[in-house]
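K.L.:
The structure is given below, and queries will be raised subsequently.
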Amino acid sequence: MLSLTSPNQYHQLAEKYLLAGNYTQAASLYEEAITIEPDIKSYYWHLGLILLLQGQDVEAQTTWLMAMMEGEPEQVEVWNAELIEILQTEAQHQESQEEYAIVEKIRQNIKEISPKSIHNLLHLLQLSIKLEIYTGNDLQELGIIEILQLEPRLEVNLELLMASLKIVLDYAPVHPSTLKFVEACLPYCENNTKALLITLLPAALDIGYSQRQYGVAIQLCELYLDLNPKNTEVIGHLASLYQNHGQYEKGIEVAKLFFSLVQELADKIFANRQILRGLMTAGGHWQESCYTHHQQELLVKTLIEDNPTQLDNSRISRLFNANFFTPYIEDNPSKNRNIQNQLMQICQANIVNCDRAQVDKYSQGNLRRKQHNRDNVKLKIGYISHCMRSHSVGWLARWLFQYHDRDKFQINGYFINTSPACDPLHEWYLGKIDKAYKSNEYLQMAEEIYQDEIDILIDLDSITLDTTCDIIALKPAPVQVTWLGWDASGIPAVDYFIADPYVLPDSAQEYYKEKIWRLPQTYVAVDGFEVSVPTVSRDQLDIPDDAIVYLCGQRGFKRHPDISRLQLQILKEVPNSYFLIKGISDEESLKSFFEELTEEEGVDYSKLRFLPIVFSESIHRANLGIADIVLDTYPYNGATTTLETLWMCIPMVTKVGEQFSARNSYTMMMNAGITEGIAWTDEEYVEWGIRLGKDETLRQQIAWKLKQSRKTSPLWNGKQFTREMENAYEQMWQKYIDEA
């Protein structure tokens, strides 16, 4: 037996053993101390704790119980408080060591002593997620929601509550109990709505935009607005979430509320854009869409005149895609690209002001790399996008990744807003690159690109995603290129825009900020598409076997009323013809749109059929086979849909314009060796549509030519296209090195 002169010495020495993990020695000391001074209860509390840490749970609880057996209720209450304090201290120590299983055991024992201690229960909730034993039912089993709903309300540590809410939202956002938990937390945030906002809004945006669980994201935003009904940040996002969820009218209504609440010009532009987004996506509000677009142009021009230089990051991000819908409404690139270029100049200047240190770092670092140019080293190519998944861009870009020469190029992928849910095409991309990096935070992503020493960064998004624009504007790579998605962004930090001899007219460089880099034949190529078994038939649609079937399968915002009228004029002139209409939009709005147009054009509405969306791409392509002729949209053509149509050997009619988006089908048809169906005027569009509908022999000839084109056309040669892109990359890099 050790010769210790005071109980305090026993305790101090035992604590040293305990901290060192020498439980046997610590237990012996406390047992000895109890023998000497059995009335000091803290010895029992510590001894029981040590037994618990040794895995002797029953013995630990027995030790505590025996020490309390003869106490009065008031004494037992004090002793329980002392024991809980000791257990909590050890739990915090073990948590700092990341011994979560031990912490969970200690806190379960605290729960036995004090079953309604909300702070302990919240810690247990977090531990269940850290230990990956959370089922979603833990909130009920622990009684957390019920306890939070008690009246009068408990004193709750708001920081702990919000941390618990965040971890649950991250781990199990769609479980029904999660929303109940959010609702139970609301009363505790009445005096601090900001704490709730910084917890709830990022989670809602991730759940909505990355995981595409729009319904859950909407409910989270609505719950927050119950507490703070005029928060414009949440209302602005809520408008998008409603629209993404297919609740177009609600999305338009909320966007208009958003517009009425904001005052700053940049916010007005974003809010008006949200209104326009809802109107265009619904597909049937063209008169109001055109008016709202005109207002948007006036707002943007006012901003350009004001030339602000102190915009914050969030406002800059929202300005990047302010003009997104312009090419869907009018084909006037000399005017519209000038506006876009000036707007992007403002965005870039403000990004530089906000993140000057980072911009300067990248500029200087890339210059040093240029001065120490490497010889005989692979070019590092980085692709950045939110679309390297089951998305139109994802389906088209994959052949470049398939055929890249890995002896000459290192290929990195930078993924934004990528859903964690299994996506076969996204998984395919991950297997085709040397390094993958995922982030939704633009500064982190830009830094990763810079640290990876990417030579040429290829932007597949253009202005379709603000985060990508933020990254591109920082210029983390010395050479930056836009390819495939939308049109060129106009951001000054972009060096080149990939085109071909057809998709932009010769005069286009006059109104592009970027240098147009024309590939020799086509700006995109694929080896083909997977085609499944069709799920629609003429019989199902009540269409006679000998009928002529026209199809237009585009999103609602591509259905400009002018081109829709031309399509109906074709239908009117071709006997026994039917028109299939397919594409994401508001069904009721779209039907009203066509009811009005058919009446104006004197077309029998019963000749129209509205096809449901098919979410399997291979089935969608198979279903194209029901059509005799595909009618393209204008001023925004199909792109992926055009390629799919040509691959399925179906004749099509397209009208060629001036802007990039009005020439996609033109370049694809030319590269497939097809001129039949290419129209340069409204009259030619109608003439081709009627001729193809009436001339079966011509349709057969075109179908045969398209089938033969699979053997020789550059459009269907992904390997040759990849070599041409790689040649462009090498020339771009050499040009950069040679520049003074």
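The values are calculated or read from the model by the stated rules, or taken from the named source; none is laboratory data. Keep in mind that this is a model prediction, so the values were computed, not measured. Here the Cβ is made from the backbone with ideal geometry for all residues, glycine too, and neighbour counts use every protein chain on show.
K.L.:
Suppose we filter Thr654, Thr667 for residues that are within 20 Å of Arg691 (Cβ to Cβ) and of a type in the set (Ser, Thr, Tyr); which single one remains?
P.N.:
On the way: Thr667 fails: within 20 Å of Arg691 (Cβ to Cβ).
Step by step, each of Thr654, Thr667 is checked, and only Thr654 is within 20 Å of Arg691 (Cβ to Cβ) and of a type in the set (Ser, Thr, Tyr).
K.L.:
How many residues are crowded, with 18+ Cβ neighbours inside 10 Å and part of a helix (DSSP H, G or I) when one looks only at segment 590-606?
P.N.:
5
K.L.:
What single numbered condition from (1) surrounded by fewer than 23 Cβ atoms within 10 Å (Cβ to Cβ); (2) in contact with a Ser or Thr (Cβ under 7 Å, 6 or more places away or on another chain) fails to hold for Gln540?
P.N.:
Only one criterion in (1) surrounded by fewer than 23 Cβ atoms within 10 Å (Cβ to Cβ); (2) in contact with a Ser or Thr (Cβ under 7 Å, 6 or more places away or on another chain) is unmet by Gln540, namely (2).
K.L.:
How many residues are touching a strand residue (DSSP E or B) at 6+ places or on another chain (Cβ under 9 Å) and either without any contact (Cβ under 8 Å) to a residue 40 or more places away in the chain or within 21 Å of Thr464 (Cα to Cα) (or both) when one looks only at segment 401-411?
P.N.:
Filtering segment 401-411 down to residues touching a strand residue (DSSP E or B) at 6+ places or on another chain (Cβ under 9 Å) leaves 401, 404, 408-411.
Then drop every residue that is not either without any contact (Cβ under 8 Å) to a residue 40 or more places away in the chain or within 21 Å of Thr464 (Cα to Cα) (or both), which leaves 401, 410-411.
The total comes to 3.
K.L.:
Another question about this same structure. Can you tell me how many residues in segment 704-737 are among the β-branched types (Val, Ile, Thr) and either in the same structural domain as Trp395 (by TED's automatic domain parsing) or over 31 Å from the mean Cα position of the chain (by Cα) (or both)? Explain how you work it out, then say what you get.
P.N.:
To start, the set of residues in segment 704-737 that are among the β-branched types (Val, Ile, Thr) comprises 712, 722, 737.
Applying the additional criterion that residues be either in the same structural domain as Trp395 (by TED's automatic domain parsing) or over 31 Å from the mean Cα position of the chain (by Cα) (or both) yields 712, 737.
The number of residues fulfilling the criteria is 2.
K.L.:
Shifting gears a bit: If I filter segment 656-663 for residues that are under 37 Å from the mean Cα position of the chain (by Cα), among the acidic types (Asp, Glu) and closer than 21 Å to Asp506 by Cα, do I get at least one hit? Full working, then the answer.
P.N.:
Step one: filter segment 656-663 for residues under 37 Å from the mean Cα position of the chain (by Cα), giving 656-663.
With the extra rule that they be among the acidic types (Asp, Glu), the set shrinks to 658.
Subset that is closer than 21 Å to Asp506 by Cα: 658.
Yes: segment 656-663 contains one or more residues that are under 37 Å from the mean Cα position of the chain (by Cα), among the acidic types (Asp, Glu) and closer than 21 Å to Asp506 by Cα.
K.L.:
Under 33 Å from the mean Cα position of the chain (by Cα), among the acidic types (Asp, Glu) and assigned by TED's automatic domain parsing to the domain that holds Gly490, is that true of Glu514? Let's see the steps before the verdict.
P.N.:
Details: under 33 Å from the mean Cα position of the chain (by Cα): yes; among the acidic types (Asp, Glu): yes; assigned by TED's automatic domain parsing to the domain that holds Gly490: yes.
Judged against the criteria, Glu514 is a match.
K.L.:
So which residues in segment 198-218 are surrounded by fewer than 18 Cβ atoms within 10 Å (Cβ to Cβ) and either over 20 Å from Thr418 (Cα atoms) or aliphatic (A, V, I, L, M) (or both)?
P.N.:
Ile198
K.L.:
Has segment 418-428 got at least one residue that is among the hydroxyl-bearing types (Ser, Thr, Tyr), touching a residue at least 24 places away in the same chain (Cβ under 8 Å), closer than 17 Å to Asp206 by Cα and crowded, with 18+ Cβ neighbours inside 10 Å?
P.N.:
Yes: one or more hits.
K.L.:
Please tell me if Gly657 is assigned to a loop (DSSP other than H, G, I, E, B), touching a residue at least 40 places away in the same chain (Cβ under 8 Å) and out of contact with any helix residue (DSSP H, G or I) (no Cβ under 7 Å at 6 or more places or on another chain). Full working, then the answer.
P.N.:
Working: assigned to a loop (DSSP other than H, G, I, E, B): yes; touching a residue at least 40 places away in the same chain (Cβ under 8 Å): yes; out of contact with any helix residue (DSSP H, G or I) (no Cβ under 7 Å at 6 or more places or on another chain): yes.
Spelling it out, Gly657 is indeed assigned to a loop (DSSP other than H, G, I, E, B), touching a residue at least 40 places away in the same chain (Cβ under 8 Å) and out of contact with any helix residue (DSSP H, G or I) (no Cβ under 7 Å at 6 or more places or on another chain).
K.L.:
Shifting gears a bit: In this structure, is Ala627 in contact with a strand residue (DSSP E or B) (Cβ under 6 Å, 6 or more places away or on another chain) and surrounded by 19 or more Cβ atoms within 10 Å (Cβ to Cβ)?
P.N.:
On the way: in contact with a strand residue (DSSP E or B) (Cβ under 6 Å, 6 or more places away or on another chain): yes; surrounded by 19 or more Cβ atoms within 10 Å (Cβ to Cβ): yes.
Answer is yes for this residue.
K.L.:
Which number in (1) acidic (Asp, Glu); (2) over 18 Å from Ala271 (Cα atoms); (3) surrounded by fewer than 18 Cβ atoms within 10 Å (Cβ to Cβ); (4) in contact (Cβ under 8 Å) with a residue 40 or more places away in the chain marks the one condition that Glu190 misses?
P.N.:
(4)
K.L.:
Is there a residue in segment 33-43 that is closer than 22 Å to Ile106 by Cβ, touching a residue at least 40 places away in the same chain (Cβ under 8 Å) and in contact with a His (Cβ under 8 Å, 6 or more places away or on another chain)?
P.N.:
Yes - at least one qualifying residue is present in segment 33-43.
K.L.:
If you go through segment 204-225 one residue at a time, do you hit one that is over 25 Å from Ser240 (Cα atoms) and either β-branched (Val, Ile, Thr) or part of a helix (DSSP H, G or I) (or both)? Give the derivation first.
P.N.:
If we filter segment 204-225 for residues that are over 25 Å from Ser240 (Cα atoms), which is where we start, we get none.
There is no residue in segment 204-225 that is over 25 Å from Ser240 (Cα atoms) and either β-branched (Val, Ile, Thr) or part of a helix (DSSP H, G or I) (or both).
K.L.:
Given the conditions (1) crowded, with 22+ Cβ neighbours inside 10 Å; (2) of a type outside the set (Gly, Ala, Ser); (3) at pLDDT below 95, report the number of the one that Ile584 does not fulfil.
P.N.:
Of (1) crowded, with 22+ Cβ neighbours inside 10 Å; (2) of a type outside the set (Gly, Ala, Ser); (3) at pLDDT below 95, only one is false for Ile584: (1).
Per-residue answers, yes or no, for (1) within 18 Å of Leu220 (Cβ to Cβ); (2) loosely packed, with under 14 Cβ neighbours inside 10 Å; (3) among the β-branched types (Val, Ile, Thr):
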site	(1), (2), (3)
Leu150	no, yes, no
Arg153	no, yes, no
Val156	no, no, yes
Ser164	yes, no, no
Tyr171	yes, no, no
His175	yes, no, no
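K.L.:
Return the total of residues in segment 168-194 being out of contact with any Asp or Glu (no Cβ under 8 Å at 6 or more places or on another chain) and either on the phi > 0 side of the Ramachandran plot or among the hydrophobic types (A, V, I, L, M, F, W, C) (or both).
P.N.:
Residues that pass the stated criteria total 10.
K.L.:
Here are some residues: Ile491, Ile570. Which one is in contact (Cβ under 8 Å) with a residue 12 or more places away in the chain, within 28 Å of the chain's Cα centre (by Cα) and either crowded, with 20+ Cβ neighbours inside 10 Å or not in a loop (DSSP other than H, G, I, E, B) (or both)? Explain how you work it out, then say what you get.
P.N.:
Numbers: Ile570 fails: within 28 Å of the chain's Cα centre (by Cα).
Answer to the check: Ile491.
K.L.:
Go through segment 60-90 and report how many residues are under 53 Å from the mean Cα position of the chain (by Cα), within 19 Å of Tyr17 (Cβ to Cβ) and surrounded by 14 or more Cβ atoms within 10 Å (Cβ to Cβ).
P.N.:
Matching residues across segment 60-90 total 4.
K.L.:
Now a separate question. What residue, among those in segment 142-167 that are assigned to a loop (DSSP other than H, G, I, E, B) and among the acidic types (Asp, Glu), is farthest from the chain's Cα centre (by Cα)? Quick ask: steps written out before the conclusion?
P.N.:
Filtering segment 142-167 for residues assigned to a loop (DSSP other than H, G, I, E, B) gives 143, 149-157.
Adding the requirement that they be among the acidic types (Asp, Glu) leaves 151, 155.
Values: Glu151: 40, Glu155: 38 Å.
Residue satisfying both the conditions and the ranking: Glu151.
K.L.:
Sort out for me the helices (runs of 4 or more DSSP H) sitting completely within segment 313-375 that have 3 or more residues that are touching a Ser or Thr at 6+ places or on another chain (Cβ under 9 Å).
P.N.:
326-329, 333-354
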